[in-house]
């Protein structure tokens, strides 16, 4: 996959189905993709909504280093954020209090 395809997949998955209603603080995470489709984008939670954009975020709360395959699995809802962290698939740095807030973000179930 290309960088643009990966970012587009993450945008569609998280902007439409991520439930950030329990996150009342602003959180900005820069995500650095390694391997296929390498590049940088950010995920921001503001006003209890998720936004994904293909830019660097310099005033960020944290930064993730992750392989493209992990992001794709998360976007397809085959892997949760918590599972990815537990398995060591996401390397994180930054404000631990802000990073912990991401565990509150859930994926809405798709309607049949």
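The values are calculated or read from the model by the stated rules, or taken from the named source; none is laboratory data. What you see is a predicted model, and the numbers here were worked out from it, not measured in a lab. We place every Cβ from the backbone using ideal geometry, glycine too, and count neighbours over all the protein chains shown.
Observations
- Elements of type strands (runs of 3 or more DSSP E) contained in the range 20-112, each with 2 or more residues being under 11 Å from the mean Cα position of the chain (by Cα) and surrounded by 12 or more Cβ atoms within 10 Å (Cβ to Cβ): 27-34, 39-46, 49-53, 62-67
- Residues satisfying the stated conditions in the range 1-19, i.e. part of a helix (DSSP H, G or I) and in contact with a helix residue (DSSP H, G or I) (Cβ under 8 Å, 6 or more places away or on another chain): 6, 9, 10, 12, 13, 14
- Total residues in the range 25-37, condition touching a helix residue (DSSP H, G or I) at 6+ places or on another chain (Cβ under 9 Å) and within 25 Å of residue 96 (Cα to Cα): 8
- Scope the range 28-42; condition at pLDDT below 95 and in contact with a strand residue (DSSP E or B) (Cβ under 7 Å, 6 or more places away or on another chain); matching residues: 34, 35
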